[in-house]
Amino acid sequence: MADIAGGPFNRGQEVWVVQSDGSRRAAEYVGEADMSAWFGGAPMAIVVFPDDHSGAEVEMDRVLPRD
């Protein structure tokens, strides 16, 4: 996981993750996943879902700031 200053989100920031059906699920941003830098592909984010305390690695373009 890369913790890059000046990234799109801050560690601990509340975000929405857009699901495959278009709905949004509340999450907390943990950091950027650095696997895409090694193997190519879309930039990835690591998030934690507070409703069931699970974590996931999702494409960064599916993560939106929560106001």
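For the range 47-54, state whether one or more residues are in contact (Cβ under 8 Å) with a residue 40 or more places away in the chain, loosely packed, with under 14 Cβ neighbours inside 10 Å and either among the aliphatic types (A, V, I, L, M) or in a strand (DSSP E or B) (or both). Looking for residues that are in contact (Cβ under 8 Å) with a residue 40 or more places away in the chain, loosely packed, with under 14 Cβ neighbours inside 10 Å and either among the aliphatic types (A, V, I, L, M) or in a strand (DSSP E or B) (or both), one finds none in the range 47-54, hence no. Among the residues making up the range 4-42, those that are surrounded by 11 or more Cβ atoms within 10 Å (Cβ to Cβ) and at pLDDT below 80 are Gly7, Asp34, Met35, Ser36, Ala37.
In the range 53-67, what count of residues is obtained for those that are closer than 16 Å to Ser23 by Cα and over 8 Å from the mean Cα position of the chain (by Cα)? Of the residues in that region, 4 qualify.
The values are calculated or read from the model by the stated rules, or taken from the named source; none is laboratory data. Just so we're clear, the structure is a prediction, and the values are computed from it rather than from any experiment. Cβ: placed from backbone, ideal geometry, glycine included. Neighbour counts: every protein chain shown.
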